[in-house]
Amino acid sequence: MRKHHLIDLNDLTKTQWEQITELAIRIKNSPDKYADSCRGKILATLFYEPSTRTQMSFQTAMLRLGGSVIGFDNPQNSSVSKGENLVDTITIVSGYADIIAMRHPVEGAALAGAQYSRCPLINAGDGGHLHPTQTLTDLVTLASEIGDLNHLTIGLCGDLKNGRTVHSLIKALSHYKGMHFVLISTDALTLPDRFKEIIRASSNTYEECCSLEDAMSSLDVLYMTRIQKERFASEKLYNEQKNVYILTPDKLTSAKPELKILHPLPRVDEIAMEVDNDPRAIYFRQARYGVYARMALILTLLNAGVSEPVLKGISHGQHCKNPRCVTNNEPYLKSAFVMDGGLFHCEYCDAPLLL
């Protein structure tokens, strides 16, 4: 992993995240054994964007481990409102806490913060880029509910363009064998090409379709996502996409009896409330698994040693052209590009280097 941080789940090896998953399941089965594991430790939750599940599950995780929590859930209630930059906030807070969980609306902000943090930093979501702890939650959920994660057909439905949970999950599940991804979205919200390339490079397969009903009968897992209003440039563009995919009991008629329906939550209207009573709907259990996943991650990172620099790439004398990249919002940061799939990509936000 990058130092002792978690920015991208792929900073860990498959073996490492399976060890975290196994630890999460042990914690779930025997929580009392871990009740004092973080006694005297402090978690700082720095949430520059609204959150319920992720923020509260991190707080719950640390409290159940016997630790304490500091932080903010609105940057306007911190010195950020006075113009303090990301580096200064991280430098100060990492001197107070033993571990940080940070959510930020700008892509690559977690990696930028990790360069200046004196303690482990966890990416709790950076814009529409990545959400590795949600993916850990998803892996713990699937391992607990299904077992073997190989040879599955996974339907991903909704905002595949901006959905950081989808992006992280595809990167993780591409490490397993015989995976087939069914990408269900409108033309405007299709999965970015760089994630399709990850699937192809892993020797797994995918197909794209616009009909949830047509895909339903083949699925082992259905991962629903909301259309993310906050990622759209205008209300008009958002209104053109919302309500396109709504999962109702009627649409589950052709689904397998053993189908697992997941959702990272919050939902808006993409899953009818009547579906909640279907035994195949496990998204509320999924949210509970998130506490155990984050408990396991906190313990793992607090016990990890420093092993390598945070940044691996070089600038090539270029600057990232992605306007949502942290390097375009925090101008003191130096650009860094790494080779991925035969092309150079921004190390912060994964955008391709356009020469």
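Structure notes:
- Selection within region 320-343 - in contact (Cβ under 8 Å) with a residue 12 or more places away in the chain, surrounded by fewer than 18 Cβ atoms within 10 Å (Cβ to Cβ) and farther than 18 Å from residue 196 by Cβ: 321, 330, 332, 334, 338
- Number of the exception - residue 88 against (1) modelled with pLDDT of 90 or more; (2) open to solvent by 60 Å² or more (accessible area, probe 1.4 Å); (3) under 30 Å from residue 283 (Cα atoms); (4) not small (Gly, Ala, Ser): (3)
- Subset of region 82-114 [over 20 Å from the mean Cα position of the chain (by Cα) and within 19 Å of residue 127 (Cα to Cα)]: 85, 86, 87, 89, 90
- Cβ-Cβ under 8 Å pairs, at least 6 apart or on other chains, region 94-115 side under 8 Å from residue 44 (Cβ atoms) and hydrophobic (A, V, I, L, M, F, W, C), far side open to solvent by 20 Å² or more (accessible area, probe 1.4 Å) and part of a loop (DSSP other than H, G, I, E, B): 99/41
- Test: residue in region 62-79 that is in contact (Cβ under 8 Å) with a residue 40 or more places away in the chain, surrounded by 13 or more Cβ atoms within 10 Å (Cβ to Cβ) and aromatic (Phe, Trp, Tyr): no
- Checking each residue in region 125-147 for being under 18 Å from residue 6 (Cβ atoms) and outside any helix (DSSP H, G or I) picks out 125, 126, 127, 129, 130, 131.
- The residues on offer are 141, 153, and the sole one that is polar (S, T, N, Q), under 18 Å from the mean Cα position of the chain (by Cα) and modelled with pLDDT of 95 or more is 141.
- Residues in region 12-66 that are assigned to a helix (DSSP H, G or I), among the aliphatic types (A, V, I, L, M) and closer than 30 Å to residue 87 by Cα: 20, 56, 61, 62, 63.
- Residue ranges of helices (runs of 4 or more DSSP H) in region 163-270 with at least 1 members at pLDDT 85 or above and small (Gly, Ala, Ser): 164-173, 193-201, 212-216
- Filter result (among the acidic types (Asp, Glu) and buried (at least 20 other Cβ atoms within 10 Å of the Cβ)) within region 7-21: 8
- Filter result for the condition that a residue is surrounded by fewer than 23 Cβ atoms within 10 Å (Cβ to Cβ) and among the hydrophobic types (A, V, I, L, M, F, W, C), over 100, 122, 146: 146
- The set of residues in region 245-282 that are in contact with a Pro (Cβ under 8 Å, 6 or more places away or on another chain) and open to solvent by less than 60 Å² (accessible area, probe 1.4 Å) comprises 272, 275, 278, 280.
The values are calculated or read from the model by the stated rules, or taken from the named source; none is laboratory data. Every value quoted in this text rests on a predicted model; they were computed, and no experiment measured them. Ideal geometry is used to build each Cβ from the backbone, glycine not excepted, and the neighbour counts take in all protein chains shown. Note: areas computed on protein heavy atoms with side chains; ligands, DNA, RNA excluded. Shrake-Rupley method; radii C 1.70, N 1.55, O 1.52, S 1.80 Å.
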